[in-house]
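Step one of this worksheet: look at the structure below.
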Amino acid sequence: MRLQAPIYHLKRQAKRLSRDRGIPHHQALDQIAAAEGFQSWSHLAAASTERPAARIMGGLTGGDMVLLAARPGHGKTLLGLELAIAAARAGRPGFVFTLDYTRRDVLARLADLGIPAAEAGLLTIDTSDEICADYIIERLSAAPGAAFALIDYLQLLDQKRANPDLATQIQALKAHVRATGAIVAAISQIDRQFDLRAAELPGLADIRLPNPADLSAFTRACFLHDGEIRCGPIA
């Protein structure tokens, strides 16, 4: 679907709408998106010509661990699914491990991205309640080649008390991707306190961590907010 104006113009319109009507910025963005014929701003951003997934995927190499972080509704899941499809197109076995969505949900989000059913079938969608680092590593180890795994989402990996703590699981994933050349992208929540700040984009300090974990095991991070995205290496 062709936008009536460049996406940066639409963002400006949303800021004016938010100010003039006294509504939250994210609501203004969704109203602008609806006027363009989209369900929400995240869908508009994903469908625009400024989609960054191919560029991001082109900068990843085997052994990378990537954080995809945003507040709800800002497109992190759509970006993650685009990366998984890009990896599958490049010949990597693609996996989506989700403790949040059903298979139907994942397929619906892929459809939102305009992904044909045949291409969606390139991905292995795993919704097992047993998902944790050890489970993921076992599935990736059985794949025919260095795989790409999208984890939805990071903060749910240690929700079961029988699983190791999040820090231990992150280190296990790091060891696996370094040994095999796989790539792991983990969707991550941002603390809701971020919404009270004036910052345009969140950062590592805004990652919600109910339990302590060393995020330096990740090699790259992508932060999304209100249609903006910033990606780069983690020092």
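What does the accessible area per residue of the chain come to in Å², with a 1.4 Å probe and no ligands, DNA or RNA counted? Don't skip to the end; give the middle numbers.
Working: 11360 Å² over 235 residues.
For the chain, the solvent-accessible area averages 48 Å² per residue.
As a test of reading the structure, rank Leu83, Leu196 by solvent-accessible area (1.4 Å probe, protein chains only), most first. Write down the numbers at each step before the final one.
Details: Leu83 0, Leu196 135 Å².
So the residues, ranked largest to smallest area, are Leu196, Leu83.
Out of every Cα-Cα pair in the range 111-234, what percent are more than 18 Å apart? Could the numbers behind the result be given before it?
Working: 4509 of 7626 pairs.
More than 18 Å apart: 59 percent of the Cα pairs in the range 111-234.
When the convex hull of the C-alpha atoms of the range 7-46 is computed, what volume per residue in Å³ does it have?
Numbers: hull volume 2.0 nm³, N = 40.
Here the figure is 51 Å³ per residue.
For n ≥ 4 DSSP H runs only, could you compute -39500 (n - 2.57) per run for the chain, divide by its residues and tell me the 222 nm figure to the nearest 500?
On the way: 9 runs with 91 residues, N = 235.
Helix contribution divided over all residues of the chain: -11500 deg cm²/dmol.
How about the chain: what cysteines have no other cysteine beta carbon under 4.7 Å from their own?
Cys132
Go from 0 up to the bin containing the longest alpha carbon distance in the range 21-129, width 10 Å each, and give me the % of pairs per bin.
The percentages, shortest bin first, are 13, 43, 33, 10, 1.
Please give the peptides 118-127, 215-224 ranked by average Cβ packing (other Cβ atoms within 10 Å per residue), highest first, as a rough proxy for protection.
On the way: 118-127: 16.4, 215-224: 19.9.
Averaged packing, sorted descending, gives the order 215-224, 118-127.
Packing-wise, with mean Cβ within 10 Å as the measure, how do 87-97, 144-154, 21-31 rank, highest first? List each step's numbers first, then the result.
Details: 87-97: 20.1, 144-154: 21.7, 21-31: 16.5.
Listed from highest to lowest mean packing, they are 144-154, 87-97, 21-31.
Once each part is reduced to its C-alpha centroid, what is the distance from the range 105-156 to the range 68-88 in angstrom?
Using only Cα atoms to place each centre, the spacing works out to 12 Å.
How many lysine pairs does the chain hold where the Cα atoms are under 23 Å apart and the two sit 8 or more places apart or on different chains? List each step's numbers first, then the result.
Values: Lys11/Lys76; Lys15/Lys76; Lys76/Lys174; Lys160/Lys174.
Lysine pairs satisfying the spacing and distance rule in the chain number 4.
Based on alpha-carbon atoms only, what is the radius of gyration of the range 57-117 relative to the globular estimate 2.2 N^0.38 Å? Working shown, then result.
Values: Rg = 11.9 Å, N = 61, 2.2 N^0.38 = 10.5 Å.
Cα Rg divided by the expected 2.2 N^0.38 Å: 1.14.
Helix 7-21: angle to the longest alpha-carbon principal axis of the chain, degrees 0 to 90, nearest 10?
Orientation of helix 7-21: about 60 degrees from the principal axis.
How many Å³ per residue does the convex hull of the Cα positions in the range 148-206 occupy? Intermediate results must be reported in sequence, preceding the final value.
Numbers: hull volume 6.3 nm³, N = 59.
It comes to 107 Å³ per residue, whole-number rounded.
Give me the percent of accessible area attributable to carbon and sulfur for the range 163-211, probe 1.4 angstrom. Write out the running numbers ahead of the final one.
Details: 1220 of 2430 Å².
So the carbon and sulfur contribution to the accessible surface is 50 percent.
The values are calculated or read from the model by the stated rules, or taken from the named source; none is laboratory data. Every value quoted in this text rests on a predicted model; they were computed, and no experiment measured them. Glycine gets a Cβ as well: all are built from the backbone with ideal geometry, and neighbour counts include every protein chain shown. Surface areas here come from the heavy atoms of the whole protein model, side chains and all, with no ligands, DNA or RNA. Shrake-Rupley method; radii C 1.70, N 1.55, O 1.52, S 1.80 Å.
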